[in-house]
Every structure is written in structure tokens, then in C-alpha cells.
1. Are there any pairs, at least 6 apart or on different chains, whose C-beta atoms fall under 8 Å, with the first in segment 1-14 and in contact (Cβ under 8 Å) with a residue 24 or more places away in the chain and the second of a type in the set (S, T, N, Q) and in a strand (DSSP E or B), and if so, which?
2. Considering only segment 7-43, state which residues are of a type in the set (Gly, Ala, Ser), assigned to a strand (DSSP E or B) and surrounded by 10 or more Cβ atoms within 10 Å (Cβ to Cβ).
3. On the given criteria, is Thr37 modelled with pLDDT of 85 or more, of a type in the set (Ser, Thr, Tyr) and in contact with an Asp or Glu (Cβ under 9 Å, 6 or more places away or on another chain)?
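The values are calculated or read from the model by the stated rules, or taken from the named source; none is laboratory data. Owing to the predicted nature of the structure, the values given are computational and were not obtained by experimental measurement. Cβ sites come from the backbone with ideal geometry, for glycine too, and all protein chains shown count toward neighbours.
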Amino acid sequence: MNTLRIGLVSISDRASSGVYQDKGIPALEEWLASALTTPFDVQTRPDPG
């Protein structure tokens, strides 16, 4: 079976600079794990916006 590639980008100048930890991407990864039955690979990237 093919693996689905998913890209997640978090747009936050403070999270990307380390002021606080991004919680959006981990929440999305958790949701994807519960919602998808297809194998997937997540690539993440913080973006300072």
C-alpha cells in the first residue's frame, strides 16, 4: 500500500522563535492518526509568518 504524504505548516512568529511550544501541529497529527486508516508520513515546518 502507498504511504500518503501530508505537510503541516504552523504560522506563528512566537512559536517558530521558541517563545512557546506550538500545540496546533501535534493536535493535527493526533487527529490524523485517529481519522486515517491509510499509512501516512507527516512533514512539519514552523513558519514565522
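1. Arg5/Gln43; Ile6/Gln43; Gly7/Gln43; Gly7/Thr44; Leu8/Gln43; Leu8/Thr44; Val9/Thr44; Ser10/Thr44
2. Ser10, the sole residue that qualifies.
3. No.
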